[in-house]
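Please read the structure below before turning to the comments.
The values are calculated or read from the model by the stated rules, or taken from the named source; none is laboratory data. Note that the structure is a prediction, hence the values are computed from the model and not measured. Neighbour counts run over all protein chains shown; Cβ positions are idealised from the backbone, glycine included.
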Amino acid sequence: MKETVSVYLFLCLCGLSSSFYRRHFYVTQRMQWNDAQTYCREHYDDLSTTTTQELKKMTSNPNLIDRYVWVGAYQNPANSSEWFWSGGEKQPVEQWNPGEPNLLDREKCANIYKGKSGLTNNPCDKTLSFYCMDYYETIVVQESKTWEEALDDCRQNYVDLVSIASERNMAEVIKNITTSQTAYVWTGLRFLAGDWFWVSGDDIGYEAWSVEGELQCPTKNLKCGALDIKNKVWKPADCEERLNFVCIKN
Ligand SMILES: [Ca+2]
C-alpha cells in the first residue's frame, strides 16, 4: 500500500498567540478540502493556519506537487466576504493574491498558489495536496546536562531542543523561562563545519548574539549555543558544561 508522504518542511518562526510554536507538514495525498481537514485533525493538529511570513516559505517549497495546495482557510457560510481559519481565527484579507477571492458563490475554500506569496480560493471539492500543522509549546527542563545529553533528552521525551528563530520566539522563551535554575540554558544552536545552525533545521535569520558572541570560528570548546536569560542574548558555550535546557513539546 502506498503510504502518504509527509515532508517535514520547517519550524514556524512565528509563535502564534500565547505559548506555542507551530510546524507545517506537506501531505502529498490529494483530497477535497473537508477530507484534508479531517486527515490533518487525525494525524496532526489541524489544516494549516499561516501568517504572511509563513506563506512565503510554504509557496516556495520545491517539493510541492500541485500548483494549488489546500490550507485551512474557508468561507464563512453566513457571510461570503468573511473567511476563517480551520482553527477558528479570522483570516486576514491582505493575504489574498490580487483578484482573489473571486467567484464567492462556488469557491469557498482557500489554497496557496505555488510560487506566489498569497492565497486564492477554489471549489472545496477539488482534490489537492495540502498542509497540516502541529502546535508546540516550550518547556524548561530543570536538570543540568551537557548539550548532547540535553538534545537526547528533548528528542526522547519531547520533540526537540528549542530554536529561537525570531524575536517572537525569543520573547516566548524568555517569558516561560522563569523556572530555570541556571543563568544560561541550552538551546538547539550548534556550530559545525564552519557555521552555526539550529538542530531543528531552521534558518538562522534572526540573530541575538552577545557582544563577544558570534565568533566567526569559535574556540575549540565553545561550539554550543546557550541563552543568557538575564541579558536575552545567545552565547557560545562549552558543550560539556551542565545547564538546564529548553525543549519544544506537543
Ligand atoms: Ca479563485
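Could you count how many residues in the range 84-110 are under 18 Å from D125 (Cβ atoms), part of a strand (DSSP E or B) and out of contact with any Leu (no Cβ under 6 Å at 6 or more places or on another chain)? Working first, answer last.
Kept after step one, since they are under 18 Å from D125 (Cβ atoms), are these residues of the range 84-110: 86, 101-110.
After this cut, where a residue has to be part of a strand (DSSP E or B) as well, the list is 109-110.
Then keep just the ones that are out of contact with any Leu (no Cβ under 6 Å at 6 or more places or on another chain); that gives 109.
Adding up the residues that qualify gives 1.
Being more than 16 Å from the ligand (Cβ to nearest atom), more than 25 Å from H43 (Cβ to Cβ) and not assigned by TED's automatic domain parsing to the domain that holds E207 is the requirement here; does P101 meet it? Lay out the reasoning, then the answer.
Working: more than 16 Å from the ligand (Cβ to nearest atom): no; more than 25 Å from H43 (Cβ to Cβ): yes; not assigned by TED's automatic domain parsing to the domain that holds E207: yes.
It is false that P101 is more than 16 Å from the ligand (Cβ to nearest atom), more than 25 Å from H43 (Cβ to Cβ) and not assigned by TED's automatic domain parsing to the domain that holds E207.
If you scan the range 167-195, which residues turn out to be surrounded by 19 or more Cβ atoms within 10 Å (Cβ to Cβ) and at pLDDT below 90?
N169, E172, V173 - these are the residues of the range 167-195 that are surrounded by 19 or more Cβ atoms within 10 Å (Cβ to Cβ) and at pLDDT below 90.
Go through T138, T120 for me and flag whichever is crowded, with 16+ Cβ neighbours inside 10 Å, within 16 Å of the ligand (Cβ to nearest atom) and touching a residue at least 24 places away in the same chain (Cβ under 8 Å). Outline the logic, then answer.
Working: T138 fails: within 16 Å of the ligand (Cβ to nearest atom).
Answer to the check: T120.
Filtering the range 31-49 down to residues that are surrounded by fewer than 16 Cβ atoms within 10 Å (Cβ to Cβ) and in contact (Cβ under 8 Å) with a residue 12 or more places away in the chain, which residue is nearest to V71 (Cα to Cα)?
Taking the range 31-49 first, the residues surrounded by fewer than 16 Cβ atoms within 10 Å (Cβ to Cβ) are 34, 38, 41-43.
Now narrow it down to the ones that are in contact (Cβ under 8 Å) with a residue 12 or more places away in the chain: 34, 43.
Working: N34: 11, H43: 15 Å.
Looking at residues that are surrounded by fewer than 16 Cβ atoms within 10 Å (Cβ to Cβ) and in contact (Cβ under 8 Å) with a residue 12 or more places away in the chain, I get N34.
Looking at C109, C154, C132 in this structure, which one is within 26 Å of Y26 (Cβ to Cβ), within 16 Å of the ligand (Cβ to nearest atom) and at pLDDT 95 or above?
Details: C154 fails: within 16 Å of the ligand (Cβ to nearest atom); C132 fails: within 16 Å of the ligand (Cβ to nearest atom).
Sole residue among the options that is within 26 Å of Y26 (Cβ to Cβ), within 16 Å of the ligand (Cβ to nearest atom) and at pLDDT 95 or above: C109.
S60 fails exactly one of the following numbered conditions: (1) within 10 Å of the ligand (Cβ to nearest atom); (2) in contact (Cβ under 8 Å) with a residue 40 or more places away in the chain. What is the number of that condition?
Only one criterion in (1) within 10 Å of the ligand (Cβ to nearest atom); (2) in contact (Cβ under 8 Å) with a residue 40 or more places away in the chain is unmet by S60, namely (1).
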